[in-house]
Amino acid sequence: MFKISAISAIEDNYIWAIHNDTQCVVVDPGDAEPVLNFLSVNQLILTGILCTHRHHDHIGGIKNLRAVYNVAVYGRQHEKNPHITHDLREGEQLRLDAFDLTFNIMEVPGHLDDHLAFFAPLTTPPVLFCGDVLFGAGCGKSFEGTVAQLHHSLQRLAELPDTTQVYCAHEYTTSNLRFAVVCNPGNIAVQQRVTDTNRLRAANLSTVPSALRLEKETNPFLRCHDPEIIQILQQRGLADTSESAVFAALRKWRDNC
């Protein structure tokens, strides 16, 4: 058995801790100090690190953590990420025996070329650590590769079971919902999610994880087939109404607002 706990870091990052009563694996430790504090308070030993991609707010704490716990770091090797000790690729699996947990490795480029997602299909419910590709009601910016790659990566994630719990790496849901309301104003599920999110944040509670079903109902980047979204984009000059073109137009609009 295992638990997943959120460790708040930097400004709005979540470092995810997978742990039992004695051991812990962390996902995307952008800062070492809050992780070390979590380990100390809960009397846990760090036994591994998962890395979705190489942005500093996801890897910035790895060096200092490994100075204390010389553990394996699992991710996609890249010349700008010197921390990876175990290179992972599409279609491989990562087994964490201490938690009876197996991840399927998915390469999901479009945010960064080295971006991975860790998907555990056999847990109840399934678990997805998706870094900065998919957010609550939003998605990451395209810094490398193409927007088409990002769209394809999100389409792949959208095919996972609806019950999948989406553990993204930032508390961006409130901001993303403001955009969702503008581009999909008639979506009742979006309106309800705004209410629910406001209640959670007022109580200083996280909006993450979210069920993939909820993302498919409220996340405009997973709703490029929605007639209302298409109509609003046409009013903004969209001519090509293919899903890829709708996605690109949404991402460009979001980048500038």
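The values are calculated or read from the model by the stated rules, or taken from the named source; none is laboratory data. All figures in this text were calculated on a predicted structure; none of them were measured in a lab. A quick note on method: Cβ atoms are made from the backbone with ideal geometry, for glycine too, and the neighbour counts reach across all protein chains shown.
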Original post:
Of all residues in segment 221-257 being farther than 18 Å from residue 138 by Cβ and β-branched (Val, Ile, Thr), which is modelled with the highest pLDDT?
Top reply: 230
Original post:
Which of (1) closer than 26 Å to residue 50 by Cβ; (2) polar (S, T, N, Q); (3) more than 15 Å from the chain's Cα centre (by Cα) does residue 198 not meet, given it meets every other one?
Top reply: (1)
Subject >> Residue list for segment 210-257, restricted to those being under 17 Å from the mean Cα position of the chain (by Cα) and of a type in the set (Phe, Trp, Tyr) >> reply: 221
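May I ask you to verify whether residue 174 is in contact with a Gly (Cβ under 9 Å, 6 or more places away or on another chain), at pLDDT 95 or above and β-branched (Val, Ile, Thr)?
On the way: in contact with a Gly (Cβ under 9 Å, 6 or more places away or on another chain): yes; at pLDDT 95 or above: yes; β-branched (Val, Ile, Thr): yes.
Criteria met by residue 174.
From 227, 161, 209, 185, grab the single residue that is out of contact with any Gly (no Cβ under 8 Å at 6 or more places or on another chain), on the phi < 0 side of the Ramachandran plot and crowded, with 17+ Cβ neighbours inside 10 Å.
Working: 227 fails: crowded, with 17+ Cβ neighbours inside 10 Å; 161 fails: crowded, with 17+ Cβ neighbours inside 10 Å; 185 fails: crowded, with 17+ Cβ neighbours inside 10 Å.
Just one listed residue meets the conditions, 209.
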**OP:** Output the residues belonging to segment 104-114 that are surrounded by 24 or more Cβ atoms within 10 Å (Cβ to Cβ) and at pLDDT 95 or above.
**Re:** 108
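Every residue, every condition in (1) farther than 20 Å from residue 136 by Cβ; (2) without any contact (Cβ under 8 Å) to a residue 12 or more places away in the chain; (3) of a type outside the set (A, V, I, L, M), yes or no:
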residue	(1), (2), (3)
1	yes, no, no
8	no, no, yes
23	yes, no, yes
26	yes, no, no
52	no, no, yes
59	yes, no, no
Subject >> Residues of segment 132-181 that turn out to be without any contact (Cβ under 8 Å) to a residue 12 or more places away in the chain and hydroxyl-bearing (Ser, Thr, Tyr), as a count >> reply: 0
**OP:** Go through the residues of segment 174-186 one by one and say whether even a single one is over 30 Å from residue 104 (Cα atoms), basic (Lys, Arg) and out of contact with any Cys (no Cβ under 6 Å at 6 or more places or on another chain).
**Re:** yes
Subject >> Condition check for residue 215: closer than 30 Å to residue 18 by Cα, charged (D, E, K, R) and surrounded by 20 or more Cβ atoms within 10 Å (Cβ to Cβ) >> reply: yes
Original post:
Which residues, taken from segment 104-147, are closer than 25 Å to residue 44 by Cβ, hydrophobic (A, V, I, L, M, F, W, C) and in contact with a Pro (Cβ under 9 Å, 6 or more places away or on another chain)?
Top reply: 119, 120, 127, 128
**OP:** Starting from residues that are assigned to a helix (DSSP H, G or I) and among the hydroxyl-bearing types (Ser, Thr, Tyr), keep the ones in segment 162-190 and report whichever is nearest to residue 5 (Cα to Cα).
**Re:** 173
Original post:
Taking segment 4-33 on its own, how many of its residues are buried (at least 19 other Cβ atoms within 10 Å of the Cβ) and either modelled with pLDDT under 95 or within 20 Å of residue 97 (Cβ to Cβ) (or both)?
Top reply: 9
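Where in segment 191-257 are there helices (runs of 4 or more DSSP H), lying fully within it, with 3 or more residues that are under 18 Å from residue 110 (Cα atoms)? First the steps, then the outcome.
Numbers: elements: 212-218, 227-235, 243-255.
The qualifying helices (runs of 4 or more DSSP H) are 243-255.
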Subject >> Subset of segment 48-57 that is outside any loop (DSSP other than H, G, I, E, B) and over 18 Å from residue 103 (Cβ atoms) - its residue that is farthest from the chain's Cα centre (by Cα) >> reply: 56
